[in-house]
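The values are calculated or read from the model by the stated rules, or taken from the named source; none is laboratory data. Fair warning: this is a prediction, and the values are worked out from it, not measured in the lab. Note that we place each Cβ from the backbone using ideal geometry, even for glycine, and neighbour counts take in every protein chain shown. Protein only, heavy atoms only, side chains kept; ligands, DNA and RNA dropped before computing areas. Shrake-Rupley method; radii C 1.70, N 1.55, O 1.52, S 1.80 Å.
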Amino acid sequence: MSIDLTTRYLGLELAHPLVPSASPLTGDIDHIHELVEAGAPALVLPSLFEEQIEHDALAIHFSLEMGADGFGEAPAGFFPDLDDYNTGPEDYLELIRRAKTEVDVPVIASLNGVSTGGWTLYARILADQGIDALELNTYRITSDITASSEEVERSYLELVETVRKAMDLPLAVKIGPYFSSIGHMARRLADAGADGLVVFNRFYQPDIDLETLRVVPNLVLSDPNELRLVLRWLAILHGKVACDLAATSGIHEAADALKALLAGATVTMMASALLRYGPTRLGEVRDGLAEWLLDHGYESSDQARGSLSYSAVADPGVFERTSYMKTLTSYVPTW
Ligand SMILES: Cc1cc2nc3c(=O)[nH]c(=O)nc-3n(C[C@H](O)[C@H](O)[C@H](O)COP(=O)(O)O)c2cc1C
C-alpha cells in the first residue's frame, strides 16, 4: 500500500506537503542540492531585502535581527556561514539561476521590501529570473503609535494589490499573527490577490543586557510549542479563505506536520529543525507523515487536510470560549 502525498500549492504540483522555508539552508546552492536529495518538493529562498539592494546594507539586517552568538544551539555542520547569507541582489539572482538550472523542483523567491516602488520593481526583476512563485515577507513592527490598525492593514493590502498587478506569478504573503481580526485580514489579503498565506512569521524579540544596558538582538531557533498558535488559525481559516495556507513555526517532527495538515495547512514548512538536524530531517518527517496516514486509513494527504478544522464546529466563538474555560479549570496545582 502506498499513499498519495501529492499537493497543489500556489498552483504548483508538489510531490508532498513538506517544504523548506526561507533560511540560510535555502540560500546556499550546496545545501539546496542536499535538501532536494532529501526529498524537498520545492524551495523557498531567503528574502531579498530592499535595503541590501539600495544600500548593500546587509549589516543593518543582521545587527537588527541576529546576535553574534545567537546560533549556539545549532550544530555548526548544518548552519551555513552567515557571511554568505542575504548578500545582495547579484548573488541572489545568481542563486535563483543556479537553483533553476541545477535542481528540478519549483523555486519560490522571497522579497522583503520597504517602499511600494521597491517591492514592485524587485518583484518584477525576480519574476524575470524564472522563479515559479514569489513570497512577500511582510516583517513589520509598527512602532509609530499614531498609526491606526486600519492604516497598517491598508498598507498591507495596497502592497499585495500593487505587487499582484506588477507580475503574473503565484503570490504568497507571509504574515505575522498580530492583527485584531486575523480572519478578516486573511480574507482581505486573498481578495487583494494573495494565492497563499504563510502563517506565521516569527518576530524576533530583542532582549536587554543588564551589564551593558543595551538592547541585544538575538535569534533563537523555534520550539514545537510555537505551532499551537499556527494550528488554531489554520483551523479557523481552513475553508473560509480563498487561498492556500502554508504553516510555518514549530514544525520539527512528523507529528507537528500532521497536526498542521489536519488543521488545514496546504503545505507545512520547516526551517529551524532543518538547521538543527540537517536536510535529511525533511525525508524523515515525510516518511513519518506517510506512515501515520497509512496506519490511520487515509489514502492521501488531501483526504486528511482540514479534517480537524473549525469547519465542523457550528459556532467557533463559543467553542473557543468553552475551550478557554476548560483549559483554565483543568489545571491541577502540583505543590
Ligand atoms: C536563521 C534564519 C533565517 C531566516 N531567514 C528568513 C528570511 O530571509 N525570510 C523569511 O521570510 N523567513 C526567514 N526565516 C524564517 C523561517 O522561514 C520560518 O518562517 C521561521 O523560522 C519559523 O519556522 P521554523 O519553526 O520551522 O523555524 C529565517 C529563519 C531562521 C531561523
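Table for the structure above
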| read-out | value |
| --- | --- |
| Meets criteria (open to solvent by 70 Å² or more (accessible area, probe 1.4 Å) and within 16 Å of the ligand (Cβ to nearest atom)) for ILE145 | no |
| Strands (runs of 3 or more DSSP E) contained in region 159-238 and holding at least 1 residues closer than 26 Å to LEU258 by Cα and among the hydroxyl-bearing types (Ser, Thr, Tyr) | none |
| Yes/no for LEU43 being crowded, with 22+ Cβ neighbours inside 10 Å and at pLDDT below 95 | no |
| Cβ-Cβ under 9 Å pairs, at least 6 apart or on other chains, region 160-174 side closer than 16 Å to GLY196 by Cβ, far side open to solvent by less than 30 Å² (accessible area, probe 1.4 Å) and among the acidic types (Asp, Glu) | LEU171/GLU135; ALA172/GLU135; VAL173/GLU135; LYS174/GLU135 |
| LEU282 being more than 21 Å from ARG8 (Cα to Cα) and either outside any helix (DSSP H, G or I) or within 12 Å of the ligand (Cβ to nearest atom) (or both) | no |
| Filter result for the condition that a residue is buried (at least 22 other Cβ atoms within 10 Å of the Cβ), of a type in the set (A, V, I, L, M, F, W, C), at pLDDT below 95 and within 16 Å of the ligand (Cβ to nearest atom), over PHE49, PHE62 | PHE49 |
| First in region 118-136 and in a strand (DSSP E or B), second anywhere and charged (D, E, K, R) and within 14 Å of the ligand (Cβ to nearest atom), Cβ under 6 Å, 6 or more apart | GLU135/LYS174 |
| Residue within region 180-199 that is out of contact with any strand residue (DSSP E or B) (no Cβ under 6 Å at 6 or more places or on another chain) and within 10 Å of the ligand (Cβ to nearest atom) present | yes |
| Test: residue in region 259-270 that is assigned to a loop (DSSP other than H, G, I, E, B), open to solvent by 20 Å² or more (accessible area, probe 1.4 Å), closer than 23 Å to GLY196 by Cβ and of a type in the set (Ser, Thr, Tyr) | no |
| Any hit, region 231-239, residues being within 14 Å of the ligand (Cβ to nearest atom) and surrounded by fewer than 18 Cβ atoms within 10 Å (Cβ to Cβ) | no |
| Members of region 210-225 found to be under 26 Å from the mean Cα position of the chain (by Cα), away from the ligand (no atom under 11 Å from the Cβ) and surrounded by fewer than 11 Cβ atoms within 10 Å (Cβ to Cβ), listed by number | none |
| Hits in region 5-27 (condition: open to solvent by less than 20 Å² (accessible area, probe 1.4 Å), of a type in the set (Val, Ile, Thr) and away from the ligand (no atom under 16 Å from the Cβ)) | THR7 |
| Lone unmet requirement of (1) open to solvent by 40 Å² or more (accessible area, probe 1.4 Å); (2) away from the ligand (no atom under 16 Å from the Cβ); (3) over 22 Å from GLY239 (Cβ atoms) for TYR277 | (2) |
| Filter result (charged (D, E, K, R), under 30 Å from TYR156 (Cβ atoms) and either within 15 Å of the ligand (Cβ to nearest atom) or modelled with pLDDT of 90 or more (or both)) within region 77-100 | ASP91, LYS100 |
| Filtered residues of region 251-266 (kept if within 16 Å of the ligand (Cβ to nearest atom) and under 19 Å from ALA186 (Cβ atoms)) | ALA260, LEU261, ALA263, ALA265, THR266 |
| Looking only at region 101-117, and only at residues there that are within 16 Å of the ligand (Cβ to nearest atom) and over 16 Å from GLY196 (Cβ atoms), the one that is most open to solvent (accessible area, probe 1.4 Å) | VAL114 |
| GLU161 vs. criteria over 19 Å from the mean Cα position of the chain (by Cα) and more than 22 Å from GLY11 (Cα to Cα) | no |
